[in-house]
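Trainee: Supplied in structure tokens, the structure appears directly below.
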Amino acid sequence: MAANQAAYEFYRQSSIGQSLTDALDEMIEDGSIEPNVAIAMLKQFDNSMAEALRLQVRAKATIKGKLQIYRFCDDVWTFVIDQGANFKFENSELVKADEKVKLVACASRP
């Protein structure tokens, strides 16, 4: 279970995760909340993001590009695709990445 918990922490690197972390840091600094409450909120954020993506996202995509790196560790797949990767989403136009793309995928909880 610890591996799954650590795997979900990458949601914190998203813009909404960074905003939450910044807000919690400010609240700790001004004494509004205790650090243990902030940690509990971040764990809940991790679980809520995983659950929302598992239940609400059903889009499929086709990705074409030159795979630079791939690895599988602790039930987490990581792929790095060189710049110029093409993404084709269902019923959508083609999207081309100007920079390298890093994809991180982990198993959803059953």
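Any read-out appearing in this document is the output of simple, stated calculations on the displayed coordinates, not a laboratory observation. Remember, predicted model here, so these are calculated numbers, not experimental data. Here the Cβ is made from the backbone with ideal geometry for all residues, glycine too, and neighbour counts use every protein chain on show.
Trainee: Which residue, 38, 59, 97, tops the fluctuation ranking in a GNM of the chain built on C-alpha contacts under 10 Å?
Mentor: Result: 59 has the largest fluctuation of those listed.
Trainee: Taking amide H atoms as placed 1.01 Å from N in the peptide plane, list the residues 5 or more away in sequence, or in a different chain, whose amide H sits under 5 Å from that of residue 68.
Mentor: Sorted by chain and number, the residues that satisfy this are 80, 81, 82.
Trainee: Compute the helix-to-body angle for 15-29: its Cα long axis versus the longest principal axis of the chain, expressed 0 to 90° and rounded to tens.
Mentor: Between helix and principal axis, roughly 20 degrees.
Trainee: Sticking with this structure for a sec: In a shell of Cβ-Cβ distance under 13 Å around residue 21, excluding residue 21 itself, what net charge do Lys and Arg (+1) and Asp and Glu (-1) give?
Mentor: Summing Lys/Arg as +1 and Asp/Glu as -1 gives -4.
Trainee: Lys and Arg at +1, Asp and Glu at -1: add these up for the other residues within a Cβ distance under 10 Å of residue 78 and post the number.
Mentor: Residues close to residue 78 contribute a combined charge of +2.
Trainee: What is the angle, in °, between the Cα long axis of helix 35-56 and the longest principal axis of the Cα atoms in the chain? Nearest 10 is fine, range 0 to 90.
Mentor: Helix 35-56 sits at roughly 30 degrees to that axis.
Trainee: Additional query: Taking the Cα centre of the chain as origin, work out the dipole magnitude from +1 charges on Lys and Arg Cβ and -1 charges on Asp and Glu Cβ, in debye rounded to 20. Kindly include the intermediate steps, with their values, before the conclusion.
Mentor: Working: 13 positive and 16 negative charges, 189 e Å.
I would put it at about 900 debye.
Trainee: Straight distance only, please: which lysines reach the Cα of residue 66 with their own Cα at less than 16 Å, same-chain residues fewer than 8 apart left out?
Mentor: Within the straight-line cut-off, residue 66 pairs with 88, 96, 100, 102.
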